[in-house]
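Below is one structure, written out as structure tokens, with a few remarks after it.
What follows draws every value from the coordinates through simple rules; no lab data is involved. Note that the structure is a prediction, hence the values are computed from the model and not measured. A quick note on method: Cβ atoms are made from the backbone with ideal geometry, for glycine too, and the neighbour counts reach across all protein chains shown.
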Amino acid sequence: MTMHQKEHRVILKHADEPGYTPDIECYLKHGGYANLKKAFAMKPEEVCKEVELSGIRGRGGAGFPAGMKWKFLDRKSGKPIYLICNADESEPGTFKDRQIIHKDPHQLVEGMMISAYAIQAKLAFIYIREEMPYGAKLLQKAIEEARAKNFLGDNILGSGYSCELIVHRGAAAYICGEETGLIESIEGKRAYPRIKPPYFPAALGLYQCPTIVNNVETLCHVVHVVENGGEAYSKLGTPGNSGTRIWSLSGHVQNPGYYEIECGKATYGDLIYDIGGGLRPGRKLQALIPGGSSSKVIRGGERFQGKLRDGTPFDWGVEDIPLDFDSPMAVGSMSGSGAVVVIDDSVDIVEVLANINAFYAHESCGQCTPCREGSLWMKKITTRMCKGDARPGDADLLASIGDQIAGRTICAHGEACAWPTQSFIAKFKDKFLEKAQRNGERMGDIPLI
Amino acid sequence: MSDAKDNLISIFIDDVEVKVPAGINLVDAAEMAGKEIPHFCYHKHLPVSGNCRMCLVEVGTPGRDRATGEPILDENGVQKIMWMPKPIIACATNASPGMHVRTQSNIIKHCREGIMEFLLLNHPLDCPICDQAGECRLQEFATDYGRGYSRCAEDKNVKPKRTKLGPRVILDDERCILCSRCVRFCSDVMNDGVLGFTERGSYSTLTCFPGRELDNNYSLNTVDLCPVGALTSTDFRFKMRSWFLKETKSICTESSVGVNTVVNSREGVIYRIKPRENVEVNDSWMSDSGRLLYKQVAMESRMSDYTIEGKPVTPDEALQEAARLLSSGKSAFIGSANSSVEEQWMLAQIIKKTGDSVPCWLVAHVGEGDGFLISEDRTPNFRGALLTGLTDKMPEDKLSALGAAIDAGEIDTLFSYNECPIAAGLSVEQIKKVKFIYMGTHHCDASQYAAVELPGLTVFEKKGTFINQQFRLQRFEQAVPSEGTLNDIKSLSAVLAAVSSAKSVPECVDSIWQAMSQSIAPFKDISFNSISDNGVLVDGSAFEHLPFVEGKSLHYEPKA
């Protein structure tokens, strides 16, 4: 895969170079683990400071500043600290972490060991989803190679600091991507997310000890923060949206794939039409899912007016929205996990929602009432609508079910399952009402989960 | 207790100021203020899981400037309340000073309606044939907070029915609202994690782990905990509608723990026993074995006839004959730690009047303790025997000294109350050698040799008190009437009146307490009606030297 000129590759710099292999020799040849040595020459607090200065925000979905997350760690309790890498990448449309793990696993190992040193973790875990068995194998191999070179394990590089890294494979549940569900899963329990308060991982995480959970991409960025210094790194991208992001582009575009772009230096239009090669001939953009299937949908042709957080007014079409953290939020959605799904006018939008609803109903853990019952109810309704029994009241009913879920659940899966329905109805109510008029049309062969 | 009182803080529930202990959760705080925050999964004696989301409330705290820590004031100079953007669950939120809670706002009403709609979505609504109907939280809250109509046009989920979880508990998964109370009880209270969920989302199904059974001796607590009719008791199932049942406060006689109970009966028939909350004794729990004790009321071996030498006589004739036998010659008494405090006191008076120099014999009933709610001493009231002066030493396994006294011809009459002398180690020959008076609830191996038989009442047919292992005086009430059998106290007072020259003897629980409160120091100022539902601790320090058999159990530590 050749790099597009609008791309700026930091994390995936070498990943697609011919001859670049996931073994340690290749990584070392490309300057690998130099930053680990650099970090270990610094004090842990200094590394934390650099990460804070870099302004790097979590790439898993919430976009929370990593440096601040690390600051929340409860260090007074005297309990051991754990670091967990969330490699349970399962938001539909997202396939960026997979590239890192498959093509450059040592970058993750290095990023993790630097982070572990910075927060003085006693033990580190990579929680990798069950559906990435090859990735788990590669990581395991990378860990063994790194241990042989004393980049992890006992007394790392003679620093006196020791930390083991363990690969933990999930068992194929989306909810394990929720950090407290993930923690329960590592503890060997059913992945029921914990109630917050009191179980904030930074205070009461894994085994009730302070724990940091970061995304794969976020931890890899730590390597480059150390390499360039936090201040310099923060110059990448735009203020408040520093660094690069890997966007997973899928759907009805000519060139779907993963693209690493400096934050805010390109727009959704650039990604879809320039980098992604545009839609298929004769097709129009019907809808855009800007950050993974749980993010609120945007309708093709929409215009957004308002003010950014710093007061700058904006007037954007869909194509003008900058690719960063804050802009999708400013238009009422989110960049989430960076999964951009393009939907052209060839599909029935109700069927799109039916498919999304089927996913969230299937993945609801079943712990708390609104998400458990609401997600399946919404699935049942949208499936019925697609099977030729749509009713005029369905749109309003769906929206009100969504309203009864969002904000009332233990974890963010409540929002994740409610937002698609709420936004699809808000943006495409006409299509849902129309569906009830053309009940004769049966859904095609799109298999629901 | 005084600590909690010192730490009272002010919070505002629906704008009404209430004083609550610091750190208390908002469900309990609201309850103290007389407000109900509806909930399904929260239970005072279980870890918080926060999954039902029924207890969502709006919470605000007095605003403070983040940088300076100064209070943020509104235009009137009053500290501003910073309301949280989303409703939060009351069960997992602790009261903090100045906290404001809204339990009745439109948002909260909408939350509760939503939760009720979701919970009823896949619920079978088979209340007419459901045992829980009438005492069902889902039913109650559906009335209070539900919409009253269904918007669901889809098919309901189908789940397993009539699953046998164990010998005493049956599960209907379709009724289950997945609150996880039973799961938490097994894993966190009993340390016997046999229950769990399989499947995901709305298809989640409660079940036992493969190859396991819910068969511990506390399994029926899951039935009590179940807020709906998902878990039902094999014993009680389909026997009686709950609204017909009368509730009587009682005490479990299984062991010296003195578990607080409620006896459910209708028209003189007991249908089940449930635990009654007492945070000093049994929290909200009781054993399965204790729940079966009501069956003794209608057992075939139940004694009903007053007899002299095996021939039925009137109660009065039998009692006079017993008094005559006790007054002539030397008598020995076997008392019981199964009797109530009042009965033990009456027996002690009779022993005093018959001039017996032999102390009252007490038989030990010792079993294995479970460290929870069944103690080693399998009688409910040994401490009562100590305080009423019936004995001053530990009960004995075998009454061999009494047997020797009979063999030596030192005993003419043996009065045994609620104890079988043969089980206590006496031989048939020894019993035949004396005039044997047996007073008890059930026939025993020895009763056929009795010169006089005096039927007695079970704990369910009388009222009285027991003193448990903590020296906690606890009251039980009469649940069902006794037909044709005199109250034990009436019988004993008749005997006492006959053997003594006293003009009047106490004939009821209240008059016995009048007498006891004057003559027994630890009972000073206590009357039967003054004993609260949680019981009263009485001074047992005079007996500290005794080697009590009880080991550690819930809320009880043996003295080192």
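For this structure, a couple of remarks:
- Only one residue of B:S289, B:H45, A:G160 has its Cα farthest out toward the positive end of the dipole of the protein assembly as shown, where Lys and Arg carry +1 and Asp and Glu -1 on Cβ, and that residue is A:G160.
- Dividing the convex hull volume of the alpha carbon atoms of the protein assembly as shown by its residue count gives 209 Å³ per residue.
- Overall Cα dimensions of region A:246-344, principal axis frame, Å, largest first: 38, 25, 24
- Global form of region A:349-443, assessed from the alpha-carbon gyration tensor, a/c cut-off 1.5: prolate
- When each of B:V16, B:V59 is scored by the number of other beta-carbon atoms lying within 10 Å, the sequence from fewest to most is B:V16, B:V59.
- Extension reserve of the A:E25-A:A172 stretch, reckoned as 0.36 nm per residue once the Cα distance is removed: 49.7 nm
- Ranked for footprinting exposure by Cβ neighbours inside 10 Å, fewest first, B:M32, B:M299 give B:M299, B:M32.
- Charge tally for B:F548 (other residues, Cβ to Cβ under 10 Å; Lys, Arg +1; Asp, Glu -1): -2.
- Using a Förster distance of 25 Å, the FRET efficiency for B:M240-B:D144 (Cβ separation, nearest 0.05): 0.50
- With respect to chain B, whose longest principal axis is taken over its alpha-carbon atoms, helix B:315-327 is tilted by about 60°.
- Note on region A:24-235: Kirkwood hydrodynamic radius from all Cα pairs is 16.9 Å, rounded to one decimal.
- Peptide B:113-121, shielding by other chains (average Cβ, 10 Å cutoff): 6
- Rounded, prolate or oblate (a/c below 1.5 giving rounded, otherwise prolate when a/b exceeds b/c) for region B:81-188 by Cα gyration tensor: oblate
- Cross-link partners of A:K379 among lysines, defined as those whose alpha carbon lies under 20 angstrom from its own and excluding same-chain residues fewer than eight positions apart: A:K296, A:K387, A:K427, A:K429, A:K431, A:K435, B:K156, B:K159.
- Straight-distance candidates among the lysines for linking to B:K352, with alpha-carbon spacing under 26 Å and chain neighbours fewer than 8 residues away dropped: B:K330, B:K393, B:K398, B:K432, B:K433, B:K435, B:K462, B:K463, B:K490, B:K503, B:K524.
- Other residues with beta-carbon under 10 Å from the beta-carbon of A:S294 carry, at +1 per Lys or Arg and -1 per Asp or Glu, a net charge of -1.
- B:F141 sits among other residues whose Cβ lies under 11 Å from its own Cβ, and their net charge, with Lys and Arg +1 and Asp and Glu -1, is -2.
- Restricting region B:1-92 to GluC sites (Glu not before Pro) that sit in a DSSP loop and have at most 15 other Cβ atoms within 10 Å of their own Cβ leaves B:E36, B:E75.
- Distance between the 7 Å Cα→Cβ label points at B:D305 and B:I531: 3.5 nm.
- Region B:157-297: Rg to Rh, with Rh as the Kirkwood radius over Cα pairs: 0.98
- Neighbouring partner chain Cβ atoms per residue of B:45-52, average, 10 Å criterion: 4
- DSSP loop trypsin sites (Lys or Arg not before Pro) with at most 10 other Cβ within 10 Å: longest gap in chain B: B:163-502
- Dimensions (Å) - region B:307-543, Cα atoms, principal axes, largest first: 45, 42, 33
- When the trypsin sites (Lys or Arg not before Pro) in region A:194-276 are filtered for DSSP coil states and for at most 15 other beta-carbon atoms within 10 Å of their beta-carbon, the remaining sites are A:K235.
- Shielding value for A:183-192 is 1, the average number of Cβ atoms from other chains within 10 Å of each residue's Cβ.
- Considering region A:290-344, its Cα convex hull presents a mean projected area of 3.5 nm².
- Counting only aspartates and glutamates at least 8 places from B:K164 when in the same chain, those with an alpha carbon closer than 12 Å to its own are B:D172, B:D173, B:E213, B:D215.
- The lysine pair count for region B:2-116, using Cα distances under 24 Å and pairs eight or more places apart or on different chains, is 11.
- Residue-averaged [θ]222 nm for chain B, counting only DSSP H segments that reach four residues, each worth -39500 (n - 2.57): -6000 deg cm²/dmol
- Across q = 0.10, 0.12, 0.16, 0.19 Å⁻¹, region B:397-527 modelled as identical point scatterers on its alpha-carbon atoms has Debye log10 I(q)/I(0) values of -0.43, -0.61, -1.01, -1.19, in the order of the q list.
- Radius, Kirkwood style, for chain B when every pair of distinct Cα atoms is counted (Å): 26.8 Å
- Radius of gyration (Cα atoms) of region B:2-116, expressed as a multiple of 2.2 N^0.38 Å: 1.10.
- Per-residue ellipticity at 222 nm from helix content only, as computed over chain A with -39500 (n - 2.57) for each DSSP H run of at least four residues, stands at -11500 deg cm²/dmol.
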